[in-house]
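Participant: Supplied in structure tokens, the structure appears directly below.
The values are calculated or read from the model by the stated rules, or taken from the named source; none is laboratory data. Keep in mind that this is a model prediction, so the values were computed, not measured. Cβ atoms come from the backbone with ideal geometry, glycine included; neighbour counts cover every protein chain shown. Surface accessibility is based on the protein's heavy atoms, side chains included, excluding ligands, DNA and RNA. Shrake-Rupley method; radii C 1.70, N 1.55, O 1.52, S 1.80 Å.
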Amino acid sequence: MAFAVGIALNTLFIIVEAIYGYTSNSTALIADAGHNLSDVLGLIVAWIAVILSKRPPSERYTYGLRGSSILAALFNAVFLLIAVGAIGWQAVLRLFNPEPVAEVTVMVVAAIGIVINGFTAWLFASGRKSDLNIQGAYLHMAADAAVSAGVVIAALVIMYTGWLWLDAVTSLFIVAVIVWGTWGLLRDSTAMSLGAVPSNIDPVEVRRYLEQRPGVTQICDLHIWPMSTTEVALTCHLVMPAGHPGDMFLVEATHHLNDKYRIKHTTIQIVTSAVTECALASETAV
């Protein structure tokens, strides 16, 4: 529901902002419209990813399509950086050739943007800590509201000072805000797509916990990776010379990993000898 409302409101605003940006001769409004367009495309991609990630597993895709949420986050980050390149180029050209703008029109349209983007950000606020895609949507909408506020201030200053170059400078500020907000999304989504341990999980601490389980003498082939932007998986071999400790041992370990580290998909294999299993795991890693 949040995606549908956010996409509808922002699409309508983009049309209005682009039209008035052109008629008022404001690169700041046009830049903001371009930014909003990239955000709407990002919302659409993220929404599709959320839908795909809920599809059940198949014989070929045994984890389902959960990984599509990671690809969506990566796409959004890359697309935003491409968009800011075009916006920044136009802003630089206008900086050297400033032109008059319709300040009142710019302020009114940007003020509408504050309301729409602020409301959309609020729709995603509750889920931003549990999903990278939701976090990306929230950050983009919140940044849009802040940028729109900056456009209002810039137009007001131009009205009273006649500093036409400020419109282009505001556009470059928008570019800087986008790059700043997108860098973290790009870094995290790239790491996830490469199967890195999520940044909120300390693999050393997880290994220490497993090593301290009763009867465990060694851990082999420990892997922790993101299945999606919201789910993490773990596999490992626990060397227990005394033999299998029983199902409750596995149940307790699984529940602890889920409750403390949010690792929802755990596969633990019990072995009695480290010679064969750990040697095989080392050879595979090499």
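Participant: Please specify each residue of region 217-230 satisfying the condition of being touching a Phe, Trp or Tyr at 6+ places or on another chain (Cβ under 9 Å) and in a loop (DSSP other than H, G, I, E, B).
Facilitator: Met227, Ser228, listed by residue number.
Participant: Hey, which of the helices (runs of 4 or more DSSP H) in region 1-114, taking only ones fully inside, have at least 3 residues that are outside the structural domain of Val177 (by the TED database)?
Facilitator: none
Participant: Let me ask something else. Quickly run through region 195-216 and pick out the residues that are assigned to a loop (DSSP other than H, G, I, E, B) and within 24 Å of Ser228 (Cα to Cα).
Facilitator: The answer is Gly195, Ala196, Val197, Pro198, Ser199, Asn200, Ile201, Asp202.
Participant: Where the second residue is open to solvent by 90 Å² or more (accessible area, probe 1.4 Å) and the first is under 9 Å from Ser228 (Cα atoms) and lies in region 58-70, which pairs have Cβ atoms under 6 Å and are six or more apart or on separate chains?
Facilitator: Pairs that qualify, where the first residue is under 9 Å from Ser228 (Cα atoms) and the partner is open to solvent by 90 Å² or more (accessible area, probe 1.4 Å), are Leu65/Arg55.
Participant: What's the number of the only condition in (1) modelled with pLDDT of 80 or more; (2) of a type in the set (Gly, Ala, Ser); (3) open to solvent by 60 Å² or more (accessible area, probe 1.4 Å) that Ala86 fails to meet?
Facilitator: (1)
Participant: Quick one: in region 172-208, of everything that is without any contact (Cβ under 8 Å) to a residue 60 or more places away in the chain and acidic (Asp, Glu), which residue is surrounded by the most Cβ atoms within 10 Å (Cβ to Cβ)?
Facilitator: Once the filter is applied, the top-ranked residue is Asp202.
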